[in-house]
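Structure record follows, encoded as structure tokens.
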Amino acid sequence: MNIPLVFWLVPLAALTALATAYYFFRTMMKESEGTTTMKEIASYVREGAVAYMKQQYKVVAIVFLIIAGFLAILSYGLGVQNKIVPFAFLVAGFFSALAGFVGMRAATFASARTANAARRSLSSGLKIAFRSGAVMGLTVVGLALFDISLWYVLLNIFIDNPQPQEKMLFITTVMLTFAMGASTQALFARVGGGIYTKAADVGADLVGKIEADIPEDDPRNPATIADNVGDNVGDIAGLGSDLYESYYSSVLATMALGAAAFFAMPHLQLQAVLAPMLIAALGIAFSILGIFLVRTKDDANLKQLLGAFGRGTNISAVLIALGTFGIMYGLGFENWIGLSFSVIAGLFGGVILGQSVEYYTSHSYKPTRKVAESGKTGPATVIISGFGLGMVSTAIPVMVVAVVIVLAFLSAINFDVANMMSAGNLSFGLYGVGIAAVGMLSTLGITLATDSYGPIADNAGGNAEMSKLEPEVRQRTDALDALGNITAATGKGFAIGSASLTVLALLASYTKSINMMLQKSGTYLKVNGESISPTEASIMDLMHYYNVTLVNPMVLAGVFIGSMVVCVFSGLTTQAVGHTAEKMVEEVRRQFREIKGILTGEATPDYAECVKISTQGAQRAMLFPSLLGVFAPIVTGLIFGVAGVMGLLVGALGTGFVMTLVMTNAGGAWDNAKKYVEMGNYGGKGSDIHKANVVGDTVGDPFKDTSGPSLDILIKLMSVVAIVTAGLTVAWGLL
């Protein structure tokens with residue numbers, strides 16, 4: 001077993017993250033939940049969230065067993081996949097689900113405690129909400145890195161291959177297929193949780209705010225408990241599984257690219273595999289430091305609160321950037337400076353992406369304020385203005401990602417532009433892109449803490465409203481919630497950007513999987529009239545062999561299919577929210593009509609029925625769009641072959657990346673435009689402009705919290721499924 005001593009820093013960092021998360025959880029649990037009413041409301045939300053998660057896991061478990069059976073057929077029946085894959089698929093899915101569940105449990109315990117702490121001071125509420133969000137962030141990175149390091153050790157022990165280079169290539173390629181479990185679970189969690197939370201939110205807003213003219217989170221609104229439950233199962237549990245999968249896939253893809261790129265350099269191959277794991281471990285250490293640096297004064301305004309978060313994340317990013325030079329130099333890379341700059345390109349590309357999303361979605365800036373102002377002429381112009389903003393907002397992120405890809409690629413090959421497409425430079429450059437994705441996600445421990453903090457603050461405000469606490473408490477929780485909307489949008493920017501880089505790395509890894517399948521079958525490649533052994537073939541040789549060019553109709557067909565899958569998936573998830581929201585609206589109207597005394601406070605609404613509607617709607621509607629991501633690359637591969645699958649992945653990446661930016665940024669702008677009006681601008685709460693912006697917000701809800709954030713998982717899932725079923729495509733593809 002060839003495992004160097006420095007590797008053990010990786011599982012150590014993972015365990016440190018989990019221990020710190022447990023410390024934050026225990027510290028939070030020692031705080032009081034407040035009054036009896038606050039405790040009662042928190043228990044309703046907690047019980048509803050756990051009940052939904054249990055129901056979702058039952059459905060997902062059945063689907064997982066069916067997919068594991070399919071993978072078993074590929075592995076044991078057809079012999080086109082490694083026999084470990086079905087088991088690792090289940091393990092990765094379990095850890096992804098566990099990360100989301102742990103974060104959700106911490107959030108449901110933290111919301112009332114945050115509201116109660118806000119009775120003392122703003123800084124007390126911030127500390128509890130943020131440290132509770134850090135439970136999610138550190139659990140995600142800790143479990144992901146622990147899973148990776150565990151499989152790395154086990155495969156090194158049990159795989160017997162006398163050739164070290166071949167063994168490392170085999171281990172990393174097999175480990176990459178494990179990401180399918182994490183991606184599948186993440187998509188179910190995001191889609192199901194997103195449908196649940198937005199159906200409840202839309203129903204609560206349309207009837208409560210517009211028709212009944214009652215405040216948000218008013219206990220008289222029958223959908224308010226379902227809305228608060230939804231924040232936890234969608235924005236917390238779904239988010240946790242989502243970013244677990246992003247982190248997991250980026251590290252595994254880069255490990256596989258490193259093993260392939262440095263195959264002919266035995267003295268550096270192991271280091272290339274270790275580098276992404278060590279950068280991730282370093283990211284954990286400095287993320288923990290950054291979390292402890294986030295603090296603020298009691299009288300802080302929104303700008304100062306945002307500055308406190310920025311201090312923690314920026315210091316973490318700078319320290320990781322500096323530490324990367326030490327890692328690359330210590331591992332002995334000849335081009336250690338260039339590879340370090342590849343990581344830094346990804347790291348600071350993520351920061352710019354986050355700032356871009358903040359600019360277009362925060363009500364502190366002109367674009368979102370213009371959306372709010374458009375409410376003067378009604379809801380139609382709010383929708384037009386917000387959707388236009390979403391489309392315009394794609395320019396900066398797309399250009400940033402394009403620059404990061406080129407810089408990361410060129411840095412890894414010492415800017416040898418004249419020979420950038422040579423066999424060696426192409427592999428090294430793609431490794432640079434992969435390690436840039438790891439750099440972009442290296443601060444995930446703290447960036448996910450700031451993202452998870454938002455729903456906790458939102459629920460704290462709901463608890464304060466329903467418990468009828470002092471007005472200044474709600475003002476403080478609203479300040480925390482407004483900050484949470486900005487940090488959530490920033491977190492989505494990181495997720496979107498890292499997804500694009502990770503998919504590009506996975507696309508390159510797909511060619512490596514095809515190569516391994518050709519080696520296994522003993523197939524020689526005919527390129528330019530010569531027969532080439534798969535062991536000697538470069539990526540370009542494979543492209544020539546399968547005629548992966550833009551004039552190949554199979555590739556073009558795949559591009560169109562990939563773009564179509566993204567649009568159909570978005571339509572299905574958005575319609576699912578709409579259908580469930582319709583039932584929610586009718587139920588809330590029915591209760592107002594039939595249960596006398598709700599609006600006067602003399603009767604208690606039937607919260608359970610609204611929770612039931614969201615639960616059933618989410619369970620029914622999440623299956624087909626989620627399975628679309630699994631079956632699309634399989635069917636495309638069987639009909640159009642390898643060239644068709646390459647086109648599919650490129651089409652899905654391009655369309656999915658742009659569409660997720662449009663949907664998340666438009667939705668974020670609509671949400672914060674509404675909040676800007678609620679702060680007293682343009683007539684404030686209850687005005688016609690406010691009601692127009694509420695309509696815009698309800699349109700944006702499924703965009704920003706269901707369809708949009710699910711798309712980055714979809715494109716990664718399709719890429720990983722293509723890798724897992726590469727053997728099936730090679731052996732059984734028709735064209």
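The values are calculated or read from the model by the stated rules, or taken from the named source; none is laboratory data. Just so we're clear, the structure is a prediction, and the values are computed from it rather than from any experiment. Note that we place each Cβ from the backbone using ideal geometry, even for glycine, and neighbour counts take in every protein chain shown. All accessible areas refer to the heavy atoms of the entire protein, side chains included, with ligands and DNA or RNA removed. Shrake-Rupley method; radii C 1.70, N 1.55, O 1.52, S 1.80 Å.
Before moving on, here are some points about what is shown:
- Take 25-38, 626-639, 126-139, 440-453 and order them by the average number of nearby Cβ atoms within 10 Å per residue, most first; the result is 440-453, 126-139, 626-639, 25-38.
- Cβ charges +1 (Lys, Arg) and -1 (Asp, Glu), total dipole of the stretch 601-735, debye: 340
- For the chain, the longest principal axis of the Cα atoms and the long axis of helix 444-466 meet at an angle of about 20 degrees.
- Computed from Cα positions, the angle between helix 266-293 and the longest principal axis of the chain comes to roughly 10 degrees.
- Positive-end residue of N528, F325, L239, charge dipole of the chain with Cβ unit charges: F325
- Accessible area per residue, Å², the stretch 482-620 with all protein chains present, probe 1.4 Å: 44
- Test item: Cα-centred dipole of the stretch 557-651, Lys/Arg +1 and Asp/Glu -1 on Cβ, debye: 100
- The residue among Q56, S75, S96 whose Cα reaches farthest toward the positive pole of the charge dipole of the stretch 30-128, with charges on the beta-carbon of Lys, Arg, Asp and Glu, is S96.
- Per-q log10 I(q)/I(0), the stretch 604-735, q = 0.09, 0.11, 0.19 Å⁻¹ (Debye; single scatterer per alpha-carbon; no solvent): -0.44, -0.59, -1.04
- Accessible surface, per residue, of the stretch 1-79 when the full set of protein chains is kept, probe 1.4 Å, Å²: 53
- Ranking N156, L138, F170 by Cα position along the charge dipole of the stretch 115-172, where only Lys, Arg, Asp and Glu carry charges on their C-beta atoms, puts L138 farthest toward the positive end.
- Two-decimal ratio, the stretch 296-443, of alpha-carbon radius of gyration to 2.2 N^0.38 Å: 1.35
- Sulfur and carbon atoms: percent of accessible area, the stretch 449-552 [1.4 Å]: 52
- Legend: P(r) of the stretch 156-300 from all alpha carbon pair distances, 10 Å bins from 0, whole percents, reading 11, 23, 22, 20, 13, 8, 3, 0.
- For K512, the lysines whose Cα comes closer than 28 Å to its Cα, not counting residues fewer than 8 places off in the same chain, are K83, K167, K520, K526, K716.
- Once the 1.4 Å probe is applied to the protein heavy atoms, the stretch 185-319 comes out at 24 Å² accessible per residue.
- Span from the the stretch 529-566 Cα centroid across to the the stretch 220-247 one, whole angstrom: 40
- Nearest-ten-degree value, helix 179-203 long axis tilted from longest Cα axis of the chain: 20
- Cα Rg, Dmax, the stretch 536-600, angstrom units: 25.5, 78
- In plain terms, the C-alpha convex hull of the stretch 526-634 casts an average shadow of 10.9 nm² when viewed from every direction.
- Ranked order, W8, W151, W336, W732 - accessible area, probe 1.4 Å, largest first: W732, W8, W336, W151
- Taking the protein heavy atoms of the stretch 90-164 in the context of the full set of protein chains, the accessible area attributed to carbon and sulfur is 66 percent at 1.4 Å.
- Along its three principal directions, the equivalent ellipsoid of the chain from the Cα gyration tensor extends over semi-axes of 43, 26, 23 Å, largest first.
- Computed over the chain: relative contact order in percent, which uses C-alpha pairs under 8 Å that are six or more apart: 21
- Relative to one another, the C-alpha centroids of the stretch 572-647 and the stretch 42-99 are positioned 21 Å apart.
- Dipole size of the chain about its Cα centre, with +1 on Lys/Arg Cβ and -1 on Asp/Glu Cβ: approximately 460 debye, rounded to the nearest 20.
- Ellipsoid semi-axes for the stretch 238-342, based on the Cα gyration tensor and the rule √(5λ), read 34, 17, 9 Å when sorted largest first.
- Its alpha carbons considered, the stretch 27-94 gives a radius of gyration followed by a Dmax of 20.2, 62 Å.
- Expressed as a whole percent, the accessible area of the stretch 674-735 that falls on carbon and sulfur atoms is 57 (1.4 Å probe).
- Computed over Cα pairs, the Kirkwood radius of the stretch 672-723 leads via Stokes-Einstein (1.306 mPa s, 10 °C) to a diffusion coefficient of 123 µm² per second.
- Only helical runs count toward this figure. For the chain, summing -39,500 (n - 2.57) over DSSP H runs of n ≥ 4 and dividing by all residues gives -27500 deg cm²/dmol at 222 nm.
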